[in-house]
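Trainee: The structure's right below; bear with me while I get my questions together.
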Amino acid sequence: DEASSLEDLVAAAEEEGSVTIYSSTGLDQLNDVADAFEEEYPGIDVEVVRGNDADNIPRVETELSTGTSGADLLITSNEIWVKEHAAAGDFLDPSASPQIAGEGDYDTEQYVHDGNYFEIGAAVLTFAWNTDDVLDGVEDYPDLLDPQFGGGRLAVIDPAVSPSVVDFYLWLEEEFGESYVEDLAAQEPRIYPSALPIGEALTSGEVSAAVYAAPVQLVPAAENGAPVDFGISESGAWGARFYGMIPSSSDSPNAAALLADFILTAEGQDLIQPNAGTVIDTPNSLITNDRVRKQDLEAIAPEPAAAFVEEWNSMFR
């Protein structure tokens, strides 16, 4: 049963004594998870290596190719890389975790994938507004086409920064109509390179609303008095799903499975995914992963993505 399988896993993990996690999720959140895990399992030390995918993935590739231990648990949003290495057999079976074995609340049928990788949560980007400027708020994406947001009062993100952002615009067209992006362009919006300056522009009142903003940034800002708020569409949300895996080069696979198990509980989800997408529906969940866009990898391959950016530029610039 779950209790006995967890006991067995804890015993094996304590023999290993430590676990190293490489992740592109937030450093504060990772440290919170590490602290809570070490309190729950005092016989196991957690080393957190926070880096973006451009840093972490080459390190893991070197570890895999040389058989050198480094990452015991990797969390990344690079789905193309994950699928390639899953197909190559580079990840260990994580089902020593009772959650991943289907003995807990985690939906294994939906979130555990062939090749031994599994969903951790999702970074969510959504519409937002300045509460001083927009007293009645914004209900959904179509409201951003209101004339009050014309003439530079609306923030949009430049799709040239990442193929993932191309997918965001494709999702808007799928959910809100083929002309939606063209209608956004007619608002003569301000163009920004990422969610961070968009959040700052909302806070300062440089814009009144945004099509693409990060709740993980806006919630702390609002708690500190910034006049910002956001909503989640009835159609779900666009985001980047985070995937977890145990590289075959790990020398602490049991501790890695135990850490993954902890992350996939309600407590672990609230710690690692605040103001984001979760794989367990907790009282603090913003949205669950089943309602987060699954990116269209074919449509954002280099050639179609470049064609979309060219078309987008012709509309917005």
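The values are calculated or read from the model by the stated rules, or taken from the named source; none is laboratory data. All values reported here derive from a predicted model rather than from experimental measurement. All Cβ positions, even for glycine, are placed from backbone atoms using ideal geometry, and neighbour counts span all protein chains on display. Surface accessibility is based on the protein's heavy atoms, side chains included, excluding ligands, DNA and RNA. Shrake-Rupley method; radii C 1.70, N 1.55, O 1.52, S 1.80 Å.
Trainee: Can you give the % of DSSP beta bridges in the chain that are antiparallel, to the nearest 5? It would help to have the intermediate numbers written out before the result.
Mentor: Working: 23 of 40 bridges.
Antiparallel: roughly 60 percent of the beta bridges in the chain.
Trainee: Between Asp281 and Glu39, how high is the FRET efficiency from 1/(1 + (r/R0)^6) when r is the Cβ-Cβ distance and R₀ = 41 Å? Nearest 0.05. All intermediate terms of the calculation are to be shown ahead of the outcome.
Mentor: Values: r = 24 Å, r/R0 = 0.59.
Plugging the Cβ-Cβ distance into 1/(1 + (r/R0)^6) gives 0.95.
Trainee: Right, next: Can you give the charge dipole size of the range 158-317 about its Cα centre, rounded to the nearest 20 debye, using +1 on the beta carbon of Lys and Arg and -1 on the beta carbon of Asp and Glu? Numbers along the way, then the final one.
Mentor: Values: 6 positive and 25 negative charges, 80 e Å.
For the range 158-317, the charge dipole is close to 380 debye.
Trainee: Using only helices, what value at 222 nm comes out for the chain when you add -39,500 (n - 2.57) per DSSP H run of length 4 or more and divide by the total residues, to the nearest 500 deg cm²/dmol? The partial results should precede the final answer.
Mentor: Values: 12 runs with 129 residues, N = 317.
-12000 deg cm²/dmol, from helical runs alone.
Trainee: Another question, then. Report Asp90's accessible area, 1.4 Å probe, all protein chains in place, as a number in Å² to the nearest 10.
Mentor: The accessible area of Asp90 comes to roughly 30 Å².
Trainee: Among Ala305, Ala123, Ala71, which one shows the biggest mean-square fluctuation in a GNM of the chain, springs joining Cα atoms closer than 10 Å?
Mentor: Greatest mean-square fluctuation among the candidates belongs to Ala305.
Trainee: Something else: Taking 7 Å along the Cα-to-C-beta vector as the label spot, tell me the Ile80-Ile191 distance in nanometres, rounded to one decimal.
Mentor: Simple spin-label model gives 2.2 nm for this pair.
Trainee: Among Ser249, Pro283, Gly225, whose Cα lies farthest out toward the positive end of the dipole of the chain, if unit charges sit on the beta carbon of Lys, Arg (+1) and Asp, Glu (-1)?
Mentor: Gly225
Trainee: How many angstrom lie between the Cα centre of the range 282-317 and the Cα centre of the range 22-45?
Mentor: With the range 282-317 and the range 22-45 each reduced to a Cα centre, they are spaced 31 Å.
Trainee: If you take the beta carbon distance between Ser179 and Ala54 as r and set R0 to 25 Å, what does 1/(1 + (r/R0)^6) give as a FRET efficiency, to the nearest 0.05? The partial results should precede the final answer.
Mentor: Values: r = 35 Å, r/R0 = 1.42.
Efficiency for this residue pair is about 0.10.
Trainee: Here's another thing I want to ask about it. In debye to the nearest 20, how big a dipole does the range 1-74 give about its Cα centre with +1 on each Lys and Arg Cβ and -1 on each Asp and Glu Cβ?
Mentor: Values: 2 positive and 20 negative charges, 102 e Å.
In total the dipole reaches around 500 debye.
Trainee: Using 0.36 nm per residue of separation minus the Cα-Cα distance, give me the extension gain between Glu15 and Asp32 in nm, one decimal.
Mentor: Details: separation 17, 0.36 × 17 = 6.12 nm, distance 2.35 nm.
Full-extension gain reported as 3.8 nm.
Trainee: With unit charges on the beta carbon (Lys/Arg positive, Asp/Glu negative), name the residue among Val211, Leu73, Gly115 whose Cα is farthest towards the positive pole of the charge dipole of the chain.
Mentor: Of the candidates, Val211 comes out farthest on the positive side.
Trainee: Run the dipole for the chain about the Cα centre, Lys and Arg Cβ at +1, Asp and Glu Cβ at -1, nothing else charged, and hand back the magnitude in debye, nearest 20. Intermediate values should be presented prior to the final figure.
Mentor: On the way: 10 positive and 62 negative charges, 216 e Å.
Taking the Cα centre of the chain as origin, the dipole is about 1040 debye.
Trainee: Taking 0.36 nm per residue of separation and subtracting the Cα-Cα distance, what length does fully extending Glu206 through Asp114 add? Present the calculation step by step, with values, prior to reporting the outcome.
Mentor: Details: separation 92, 0.36 × 92 = 33.12 nm, distance 4.60 nm.
Residue separation times 0.36 nm, minus the Cα-Cα distance, leaves 28.5 nm.
Trainee: Sticking with this one: Using only Cα atoms, find the angle between the long axis of helix 27-40 and the longest principal axis of the chain, and express it within 0 to 90 degrees, rounded to the nearest 10.
Mentor: Approximately 30 degrees, to the nearest ten.
Trainee: Which residue, chosen from Pro142, Leu170, Pro189, occupies the Cα position most advanced towards the positive end of the dipole of the range 92-240, where the dipole is computed from +1 (Lys, Arg) and -1 (Asp, Glu) charges on Cβ about the Cα centre?
Mentor: Checked the options; the winner is Pro189.
Trainee: Still on this structure, I have one more. To the nearest 10 degrees, how steep is helix 195-204 against the longest Cα principal axis of the chain, on a 0 to 90 scale?
Mentor: 50 degrees
Trainee: Something else now. For the range 226-243 and the range 174-214, what is the centre-to-centre distance using only Cα atoms, to the nearest Å?
Mentor: 13 Å
Trainee: Which entry in (1) 62, 50, 40; (2) 62, 55, 39; (3) 63, 43, 30 is this structure's computed Cα extents along the principal axes in Å?
Mentor: Label of the calculated value: (3).
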